[in-house]
Amino acid sequence: MKFEKIAAPKGVREYLPPESNSFEWVREQLINPAKAAGYQLMELPVFEDTALFNRGVGESTDVVTKEMYTFEDRGGRSITLRPEGTAGVMRAVIENNLDRGQLPVKVWYSGQFFRAERPQAGRYRQFYQVGIEAIGVDDPGLDAEVIAIADQGFKNLGLKNYRLEITSLGDAQSRAAHRVDLMKFIAGLDLDEATSQRAQINPLRIFDDKRPEIRQMMASAPILMDYLSEYSNNHFEKVKGYLADLGVRYEINQRMVRGLDYYTGTTFEFVHGDLGAQSGIGGGGRYDGLMETLGGQPLSGIGFGLGVDRALLAAIAENTLPVSQFQSDLYIIALGEEMKSTALTFAASARRQGFSAEVDFGDRSLKGAMKGADKSGARFVAVIGESERESGSVELKRMSDGTLISVKMGELKKVLGA
RNA sequence: GUGGGCGUAGCUCAGCUGGUAGAGCACUCGGUUGUGGUCCGAGAUGUCGCGGGUUCGAGCCCCGUCGUUCACCCCA
């Protein structure tokens, strides 16, 4: 009887040892600055009521119209695998009245997100993000701090070849005024069918077109930043000032376009230089209307999402991953089956003493076991035989230079260090 | 969703103008019975992604399909 193999679903990225160690490290580096700034964990469902994203992310976005994993559950409810994190956080904040306490609500999250796109380098159908949200306060200092936290995450990874682009999308009035003029401008252009259709849905998208001829046409298009209200402009000036004070380097990108509809005011993106087409490693911004749209108070908020998969690719490209292999302190080999119990007991004792210890399994030859110890990268090896069992002490072999050091099983600290 | 490249042992790949598969690495064992990294020897491993077609004969040609990859699109 032979069973067929089952493959992973298309487009999912899996992290297996030893690469998973790098993945875990990257994720930690990215989120640590947020923890240090007082953000607290929020664990949310990976699936939500479809309406949350339709309403929250926006019906005009590609994310909602063609990239969501939507299905009906057994109770006839329309369910969607989350394509991004902010809407879910907002839903939970509103539902649990977190915004009735001290503001801003500061939370972080980490997990997988889903988008049914054609897979490509750095683009997967299931991908990982860490992110934060600060909800309920509209303070340019907060905008700057949020951006600085994201930037610190990338710095923690040792990345250098990335840039931070920022812009302000202004408030509702700013955007409405700009949109009128921009539509007028675009109507005068000679665009192909698909492009002009896209322009109807969101004219800002045309700014993001990569074709040189389009870029040239758009060179003289009206820029949103020229339409900012006094309030928006003032707010943005302060953000830039604080960023400068924080030593966060940025570039203004007046043509930045984000894929989610809810962004207003300060908006930003981190772009890496070595990643090919999928170069965005993180992004975020302020969202004035989102909470109200989802049935909550009319409070503003700001947050970001950082791509863990892409950050890892960037770290690989820049060769900044730590070389240290994740190794055990102690590798324990039992000489024959009779000694296995002693070996297991010793390993458990070593772990209680605060050291990582692994046991060689499979009853292979001592030579094979030593090879296994070598490959595991363990710092020390202990061979357990009759004399060890009788005396209660072991000879620890330091693998780096081969020296043998005798020590009582209960006093590993003397050799392995604190 | 649209286009192009690719798909041979666990990994990296070779396989000439079609004649039914190979290398290196890795893996297991051994080089006399309690100590690794080098060296030497031995061994196991593939329905050549899958399904059709052409042919006396296909890993090599054709079609389809799936996967992968790059770009478009989109974005983390």
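The numbers here are math on the coordinates, done by the rules we state, and not lab data. Here the structure is a predicted model, which is why all the values come from computation and not from measurement. No Cβ is skipped: glycine too gets one built from the backbone with ideal geometry, and neighbour counts run over all protein chains shown.
Here are the numbers for the structure shown:
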item	result
Prolate/oblate/rounded label for the range A:375-418 (Cα gyration tensor, a/c 1.5)	oblate
P(r), alpha carbons of the range A:144-286 - 5 Å bins starting at zero, rounded %	2, 9, 18, 20, 18, 15, 10, 5, 2, 0
Separation of the residue A:246 and residue A:67 label points, Cα + 7 Å toward Cβ, nm	2.5 nm
Cα-centre dipole for the range A:1-73 with unit charges at Cβ (Lys and Arg positive, Asp and Glu negative), debye to 20	280 debye
Shape category assigned to the range A:62-187 from the gyration tensor of Cα positions, a/c cut at 1.5	rounded
Per-residue Cβ neighbour rank within 10 angstrom, fewest leading, A:240, A:155, A:66	A:66, A:155, A:240
Fully extended contour minus Cα-Cα distance, from residue A:376 to residue A:393, at 0.36 nm per residue	3.8 nm
Per-residue Cβ neighbour rank within 10 angstrom, fewest leading, A:267, A:50	A:50, A:267
Positive-end residue, chain A charge dipole about Cα centroid, Cβ charges, pick of A:16, A:64, A:176	A:16
Antiparallel DSSP beta bridges within the range A:1-147, as percent of all bridges there, nearest 5	85 percent
Residue-averaged [θ]222 nm for chain A, counting only DSSP H segments that reach four residues, each worth -39500 (n - 2.57)	-11000 deg cm²/dmol
Relative contact order of chain A, pairs being alpha-carbon contacts under 8 Å that are 6 or more residues apart, as %	16 percent
Normalised alpha carbon radius of gyration of the range A:277-340 [divisor 2.2 N^0.38 Å]	2.25
Chain A, Rg to Rh (Cα coordinates; Rh as Kirkwood inverse mean 1/r)	1.10
Stretch gain in nm, segment residue A:411-residue A:363, where the contour uses 0.36 nm per residue and the Cα spacing is subtracted	14.6 nm
Cα gyration tensor, the range A:134-202 - rounded (a/c under 1.5), prolate or oblate	oblate
Mean-position separation - Cα centroids, the range A:64-133 and the range A:326-391, in angstrom	45 Å
Alpha-carbon centroids, the range A:227-255 and the range A:151-184: separation in whole Å	10 Å
Dipole in debye (nearest 20) - chain A, about Cα centre, beta carbon charges: Lys, Arg +1; Asp, Glu -1	900 debye
